[in-house]
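The values are calculated or read from the model by the stated rules, or taken from the named source; none is laboratory data. If you're wondering where the values come from, they're calculated on a predicted model, not measured in any experiment. Positions of Cβ are generated from backbone atoms using ideal geometry, with glycine treated the same way; all protein chains shown enter the neighbour counts. To get the accessible areas, we keep the full protein, side chains included, count just its heavy atoms, and leave off ligands, DNA and RNA. Shrake-Rupley method; radii C 1.70, N 1.55, O 1.52, S 1.80 Å.
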Amino acid sequence: MWMIPEQNQSWVSEFILIGFSSDPTTNSILFIVFLLIYLSSVLGNWLIIMLVCLDTQLHTPMYFFLCTLSLLDMSYVTTTMPQMLVHLLAHSQTISFAGCWLQMYVFGALGITECTFFVVMAYDRYVAICYPLRYTVILNWGLCIRLAAGSWICGFFSSLLHTFFTMSLPYCGPNRVNHYFCEGPSVRSLACMDTHLIEMVDFVLSVFVVVIPISLIVASYIRIAMAILKIKSTQGRCKAFSTCASHLTVVTFFYAPATYIYLRPNSSYSPERDKQVSLFYNAFTALLNPVVYSLRNKDIKRAFLKVMGHSRLDQ
């Protein structure tokens, strides 16, 4: 049964983001740590984008998708981290209702886009290993652009539904969000009405944007594994698997915490644990992605050394 707030109750015009700690010393330490993480994430992903753009040998579907993933990660972490850094040092941790709405929408849009885009990257690996001679024919530039654009459209449309249902709820107090950003379940818990129906709608949406992409990725890698097992030489098998290892690693880093946050039962909701898990798939995944791809990728290393060599010659 839905509870309608009384007429004399005031509506919330802003939220207070509690964050991680109220101790100034702890917040100062966290500020330094998170600032380094944020700068490293942005620098690492920007470096991959720059290398792919500058090196013509990296102008292939695989690196186009990697460049798009880096752009997503850089945008994703920028949606939450700068504001969190300000709040760690500021006396006020408030965010306006409209600001909360916008942050929730953009964060959700980029997150859902990344969920969908990992399927596109899995399809890229499937074509590369199962149909190597037709790779550039199947994944032509027109299809690559349509797949990337489709992921962005899917993400921003799906997030609009999620954000609309959450922020259209009545918020008449309290307004303290036990999180470091306006994350859907944390904000929704403050609504002054029964949110069971909205939670069910959100759960169904989460199934579509999490479970279905995971299923498609698993199906792709089953086909990839079958193709790899048909390769006779051990060296050939290792080379084929190594091209997928980086993608599998970042998919695991992203989907494991995201599945916990959005598909867990409401009875197991823990604000403190949710903040830690959200921080991992928001900040640490964006930091780890360029590390995973650069350490395991000879082409990225070669492009980096090539650019650095040209820089020295220019000096």
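The aspartates and glutamates within cross-link reach of Lys306, meaning a Cα-to-Cα straight distance under 12 Å and a gap of 8 or more places when in the same chain, are Asp55. Here the simple spin-label model places points 7 Å from the Cα toward Cβ, and for Leu71 and Val204 these points are separated by 3.3 nm. Full extension of the segment from Cys172 to Met226, taken as 0.36 nm per residue of separation minus the current Cα-Cα distance, would add 13.8 nm. Ellipticity at 222 nm from helices only: DSSP H runs of n ≥ 4 in the chain, each -39500 (n - 2.57), divided by the residue count, give -24500 deg cm²/dmol. Of the chymotrypsin sites (Phe, Trp or Tyr not before Pro) found in the stretch 232-288, those that fall in a DSSP loop while having at most 14 other beta-carbon atoms within 10 Å are Tyr269. Against the chain, whose longest principal axis is taken from its Cα atoms, helix 285-295 shows a tilt of about 10°. In summary, the lysines within cross-link reach of Lys301, defined as a Cα separation below 20 angstrom excluding same-chain residues under 8 places away, comprise Lys239. When only Cα pairs below 8 angstrom with a gap of at least 6 residues are kept, the stretch 161-315 shows a relative contact order of 20 percent. Can you tell me the relative contact order of the chain? Whole percent, Cα pairs under 8 Å, sequence separation 6 or more. RCO, the chain: 28 percent.
Which of rounded, prolate, oblate describes the stretch 180-315, given a ≥ b ≥ c as roots of the alpha-carbon gyration tensor eigenvalues and a/c under 1.5 marking rounded, otherwise prolate only if a/b is larger than b/c?
Numbers: a/c = 3.71, a/b = 1.63, b/c = 2.27.
It is oblate, given that a/c is not under 1.5 and a/b is not larger than b/c.
Model label sites at Thr94 and Phe164, defined 7 Å from Cα along the beta-carbon direction, differ in position by 3.0 nm.
Rounded to the nearest 0.05, the FRET efficiency derived from the C-beta distance between Ser270 and Asn27 at R0 = 30 Å is 0.90.
Applying 0.36 nm per residue to the separation of Phe157 and Trp141 and subtracting their alpha-carbon distance, the gain on full extension is 3.3 nm. For the chain, the per residue solvent-accessible surface stands at 51 Å², with DNA, RNA and ligands left out and a 1.4 Å probe. Output the 0 to 90 degree angle, nearest 10, between the alpha-carbon long axis of helix 298-314 and the longest principal axis computed from the alpha carbons of the chain. For helix 298-314, the angle is close to 90 degrees. Multiplying the residue separation of Leu102 and Leu133 by 0.36 nm and removing their Cα-Cα distance gives an extension gain of 6.7 nm. Where [x] 40, 23, 19; [y] 39, 24, 16; [z] 52, 25, 19 are the candidate values, the label of the one calculated here for semi-axes √(5λ) of the Cα gyration tensor in Å is [y].
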